[in-house]
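Scroll down for the structure; my scribbles are underneath it.
Rule-based calculations on the coordinates, nothing more; no lab input. Computed from a predicted structure; not experimentally measured. A quick note on method: Cβ atoms are made from the backbone with ideal geometry, for glycine too, and the neighbour counts reach across all protein chains shown.
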Amino acid sequence: MPDRHTPLEPPGEELAYVTRPTRWTVFLRTFVPWQVWRFARINVKMIRMVRRH
Amino acid sequence: MSRVVVLGAGISGHTAASFARKWLPARDTVTVVSPNAEYNWIPSNIWVGVGLMRPEQVAFPLAPVYERHGIELVQGAAREIHPEGDAGDPRPYVVVEPARAGSAGGPEKVHYDFLVNATGPSLRFDLTEGLGPGAHSLSVCTVDHAVQTAAALDEAVERMRRGEHQRFLVGMGHGSCTCEGAAFEYVVNLEFELRARKVRDKAEIVWITNEHELGDFGMGGMHLRRGGYVVPSAVFTASLFAERGIRWITRAHVDRVEPGLVHYETLDGAEREEPFDFAMLLPPFSGVGLQAVDAGGGAMTDRLFLPNGFMRVDADYTPKPFEAWEVADWPRTYQSPELPNVFAAGIAFAPPHAISRPHTSPTGTPIAPAPPRTGMPSAEIGRAVARSIVDMIGGAPRPTATASMAEMGAACVASAGANPLTGTAASMTVYPIVPDFARWPDYGRDMDRTFGEIGLAGHWIKILLHHLFLYKARLRPGWSLIPE
Ligand SMILES: Cc1cc2nc3c(=O)[nH]c(=O)nc-3n(C[C@H](O)[C@H](O)[C@H](O)COP(=O)(O)OP(=O)(O)OC[C@H]3O[C@@H](n4cnc5c(N)ncnc54)[C@H](O)[C@@H]3O)c2cc1C
C-alpha cells in the first residue's frame, strides 16, 4: 500500500531548520526607495553580465 | 543567391531568422517554417496561467512582421530533412506539412542552402500516464494551456469562496523533466494570487519536483555570497517556500496521474500518492521527431539526431561518468558534425550531459533534472548561428561565432508575485551556466559574477523585460540593440 503524502517537507518540525528572512529583510523587499536603488544596481549587474559575453 | 531556412519561430529560431535577415544582402532569402501563426513570449505564459495577462498580451501574429522585414513564412511543421536532396535533384530540402488540416497543397518541399533546426521541445505528456491538459493535469507551456489553467484556477477560487478547501499541486510531471524554473515561478505566483484573491487560508500548496535539492533548477543549483557565507540556492528556495507556507516533495518521479491523485516514486524506491484538486505539472521534453533521409530514400536520422530526438552538434557525446564530464564537452558553434550547412539552436540541440548530478532509484528510474536551455542562451545561440551562416555565405570556411553555455553567463528574473507595489521577483546572474570546476574548484562558478536577490525591483525588471523582448520580437526600430 503506497504512503499517502508522507514525505512532505516541512510538515512542522523541519520548518525550524529552514532559514527565514528577518522582518527588516522582508520590509526592504517592497520598500520603494530601497527598491529603486536595487533596480538600478541589478540592471547594472545584468548589463555587465550581458556585455562581458 | 543563398537560401537560409529556419525551422521554428520560437525564441531561438526567431532570433536566428531576424539577425540572418538583417545581416544578409537582399539577394539571399530567409525562410521561417512554423506551425504556429503567432510568436509567443513563453516566459509570460506564467501570468496568463494565473489570470493576470490575456493571450494577446504575450503573443502576436508573425506574418505582418515577417512581411515588413522580408522574411518568408511557411506555415507548417517540418517533418523530414533531405540533406542530399533526392535522386533527380541533389539540392537539400525539408518536407513541410501544412499547418492547417485539410489544406489543399499537401506536404511541401522547402529547399535550403543553410538550415537551422530551432524546433524546441516536444511536450511529452504521453510519458506519464494521465499527465497533461488532455488528461488530468494542467500546464502553462503554451498560451492555450495557460488559458485553460487560469480558468481552472478561477473555478478553484470560486470553490474556496464557497468555503471549500483546495489542494494545489505544482511542479514536474516526470522524473526526467527540465524547466523547473518555470514551474517554480508558477507556484510562487499562484500563492501570491491566492493571497490577492483573499482565499489563501483555504488553500494547501505543494511543490513536487525531480530535483535532488530545492533550487537545483537543472543546473546543479548555484551558490550566492550572503552574510559572510557562500550559501547554496537550496537554502533560499526552502526559505522562500517556508515563508509562503508552500510544502515540498523532492526527488520525485510522477509515474501516473488519476483524476485528483498523483502517483509518484521517490529516489529511495518508495511508491507514494498525493491527492489534489488542481495540478499544474510540466511535462518532460524530447526533440520534435524530425526524420533525416538520404538521397536513396534511406533513413539517416540516427546520424543527425540522438535517440531523444535532439540534434547532434559539435559536442562530445561520449558516455562518461559524471565526474569525468568537462565544460569542453559542451558545443560552441552548434554545427552538425555530419552536415556543415546544418545547425541546431535553442532547445533543439542535444546537450552532451546533464548539469545536475544524475540519480537513479533502486527500481532503476532516473530521477534528476535534464539540463535547461532557457530563453537567454537560446537567443544567444540563435544569434551566433545566424552570424556563422552569414559569414559562411560570405566565404568563411567554418562557423565564425560561438555561444557555449560553458562560457556564457545568464541573467534570469523569476517572478514571485506580480503587483507594481507588493510584487517581488528573484533576480539572478550566474556565470557560467554550465559550472566549470576546473576554473572555480569550489563552486564551479565565478562568485563575483554570480548573484541573486529577491525584491520589488526584480518584478519591475521582469515587467520591463516582458515589454522589451516583445518589442524586440516585433522587430520594431532599434530591435537589434536590445540584448538577448
Ligand atoms: C512556462 C514557461 C516559462 C518560462 N520562463 C522562462 C523565463 O522566465 N526565462 C527564461 O529564460 N526562460 C524561460 N522559459 C524557457 C524558454 O521559454 C525556452 O528556453 C525557450 O522558449 C527556448 O527557445 P526555443 O526557440 O529553443 O524553443 P521554443 O521557444 O519552444 O520554440 C520552438 C518553436 O518551434 C516550433 N516547432 C515545433 N515543431 C516544429 C516543426 N516540426 N517544424 C517547425 N517548427 C516547429 C514550435 O511551434 C515553436 O514555436 C520558460 C519556459 C516555459 C515553458
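Can you give the longest run of chain B that contains no chymotrypsin sites (Phe, Trp or Tyr not before Pro) sitting in a DSSP loop with at most 16 other Cβ atoms inside 10 Å?
Between the exposed loop sites, the longest stretch runs B:1-316.
Take residue B:357 and residue B:1, extend 7 Å from each Cα along the Cα→Cβ direction, and tell me the distance between the two endpoints in nm.
Each label point is offset 7 Å from its Cα along the Cβ direction, giving 5.8 nm.
Note the per residue figure in Å³ for the convex hull of the C-alpha positions in segment B:415-484.
Expressed per residue, the convex hull around the Cα atoms of segment B:415-484 is 115 Å³.
So what J values fall out for segment B:299-311 if you push phi through Karplus, 6.51 cos²θ - 1.76 cosθ + 1.60 with θ = phi - 60°, rounded to Hz, Gly and Pro as x?
6, 10, 4, 6, 7, 9, 10, 7, x, 7, x, 7, 8
Using the 2.2 N^0.38 Å rule of thumb for compact globular proteins, work out how the protein assembly as shown stacks up: its C-alpha Rg over that value, please.
0.96
In segment B:1-60, which trypsin sites (Lys or Arg not before Pro) are in a loop and have at most 13 other Cβ atoms within 10 Å, using DSSP for the loop call?
B:27
Quick one: 3J(HN,Hα) in Hz for segment B:108-118, Karplus 6.51/-1.76/1.60 with θ = phi - 60°, rounded, Gly and Pro as x.
10, 8, 10, 7, 9, 9, 10, 10, 10, 8, 10
So what's the angle, to the nearest 10 degrees on a 0 to 90 scale, between helix B:456-473 and the longest Cα principal axis of chain B?
Once rounded, the angle reads 20 degrees.
If you average over every viewing direction, what projected area does the convex hull of the Cα atoms of segment B:1-148 give, in nm²?
Seen from a random direction, the Cα hull of segment B:1-148 projects 10.8 nm² on average.
Non-local amide H neighbours of residue B:360 (under 5 Å, H modeled in plane, Pro and chain starts lacking H): which ones?
Here B:367 satisfy the definition.
Binning every alpha carbon pair distance of segment B:108-228 at 5 Å from zero, what are the percents per bin?
Computed distribution, short to long bins: 2, 9, 15, 18, 16, 13, 10, 7, 4, 3, 2, 1, 0.
Per residue Cα convex hull volume for segment B:211-287, in cubic angstrom?
So the per-residue Cα hull volume is 127 Å³.
For segment B:42-126, run through the trypsin sites (Lys or Arg not before Pro) and keep only the ones in DSSP coil with at most 15 other Cβ atoms within 10 Å of their Cβ.
B:100
Any chance you could list the semi-axes, whole Å, largest first, of the equivalent ellipsoid that the Cα gyration tensor gives for segment B:323-437, using √(5λ)? If you can, show how the numbers build up before the last one.
On the way: eigenvalues 171, 104, 30 Å².
Output for segment B:323-437: semi-axes of 29, 23, 12 Å.
Taking 8 Å as the Cα distance limit and 6 or more residues as the minimum spacing, I'd like the relative contact order of chain B as a percentage. Working shown, then result.
Numbers: 1131 pairs, mean separation 81.1, N = 484.
The value is 17 percent.
For a quick check: sort B:318, B:15, B:365 by the number of other beta carbons within 10 angstrom, fewest at the front.
Taking fewest neighbouring Cβ atoms as first place, the list is B:318, B:365, B:15.
Which of rounded, prolate or oblate describes segment B:160-292 when judged by the alpha-carbon gyration tensor and an a/c cut-off of 1.5?
Taking the square roots of the gyration eigenvalues as a ≥ b ≥ c, segment B:160-292 is oblate.
How big, in percent, is the set of alpha carbon pairs in segment B:278-339 lying more than 15 Å apart?
Every Cα pair in segment B:278-339 considered, those over 15 Å come to 64 percent.
If amide H atoms are built 1.01 Å from N in the plane of the peptide, which residues on other chains or at least 5 residues away come under 5 Å of the amide H of residue B:248?
Amide H neighbours of residue B:248: A:9, B:207.
Using the Karplus curve 6.51 cos²θ - 1.76 cosθ + 1.60 with θ = phi - 60°, work out ³J(HN,Hα) for each residue of segment B:2-14 in order, rounded to whole Hz, and write x for Gly and Pro.
Residue by residue, segment B:2-14 yields 10, 10, 9, 10, 10, 9, x, 10, x, 4, 6, x, 5 Hz.
Pull up all non-local amide H partners of residue B:279: gap of 5 or more, or a different chain, and H-to-H distance under 5 Å with H placed in the peptide plane.
The answer is B:138, B:169.
Pairs of Cα atoms under 8 Å, at least six residues apart: use those to get the relative contact order of segment B:232-379, whole percent.
For segment B:232-379, the relative contact order is 17 percent.
Rounded to two decimal places and with Rh computed the Kirkwood way over Cα pairs, what is Rg over Rh for chain B?
When Rh is taken as the Kirkwood radius, the ratio is 0.96.
From largest to smallest, what semi-axes in whole angstrom does segment B:237-373 give when each is the square root of 5 times an eigenvalue of its alpha carbon gyration tensor?
Each semi-axis is √(5λ); the values are 35, 19, 15 Å.
Average partner chain C-beta neighbours within 10 Å, per residue of B:347-356?
Going residue by residue through B:347-356 and averaging, the value is 0.
For a quick check: sort B:484, B:164 by the number of other beta carbons within 10 angstrom, fewest at the front.
Fewest-to-most Cβ neighbours within 10 Å comes out as B:164, B:484.
Compute the acute angle (0 to 90°) between the alpha-carbon long axis of helix B:233-244 and the principal axis of greatest extent of the alpha-carbon atoms of chain B; round to the nearest 10°.
Tilt relative to chain B: about 50 degrees.
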